[in-house]
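Undergrad: To start, I am sharing the structure in question, which I have written as C-alpha cells.
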Amino acid sequence: MASKGNCKAKDCSREAIAKHYCRQHYRLWRQGEMPKPRYKICTSEKCRKPRAHGSLCEQHYQAARGKAGKSEAPAAPAAAAS
C-alpha cells in the first residue's frame with residue numbers, strides 16, 4: 001500500500017489518513033476547529049455569513065423555521081375593577 005505522506009498541519013509529522021491530515025487534525029477539521037474550515041458560508045443567495053446550522057447562517061435558519069420576528073404572546077389587558 002502506498003504511503004499517503006505526512007499531515008499538512010503545521011508542525012505535525014504524523015501519517016496522513018484523509019484530506020492530507022492525520023487522525024487528530026482530520027477530526028478537528030471536521031469539527032470546524034482548523035484554520036481552514038470545513039464549511040464556509042451560508043448557502044442562501046448573496047449571504048456571506050458563516051454557517052451555523054447545516055448549510056445556513058443563524059438568521060436564515062431562524063427564518064426557515066418560522067422563528068424570526070416572533071416574540072412571546074402579548075399579555076392580556078387587565079380587567080377594569082370599576
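Undergrad: How far, in nm, would the chain grow between residue 15 and residue 63 when pulled straight, counting 0.36 nm per residue and subtracting the alpha carbon separation? Write down the numbers at each step before the final one.
TA: On the way: separation 48, 0.36 × 48 = 17.28 nm, distance 4.35 nm.
Stretched fully, the residue 15-residue 63 segment lengthens by 12.9 nm.
Undergrad: May I pose another question? Once amide H atoms are built 1.01 Å from N in the peptide plane, which residues 5 or more positions from residue 6, or in another chain, come under 5 Å H to H?
TA: 16
Taken together, the values in this text are just the output of simple stated rules run on the coordinates, not laboratory data. On a predicted model such as this, the values are computed, not experimentally measured, just so you know.
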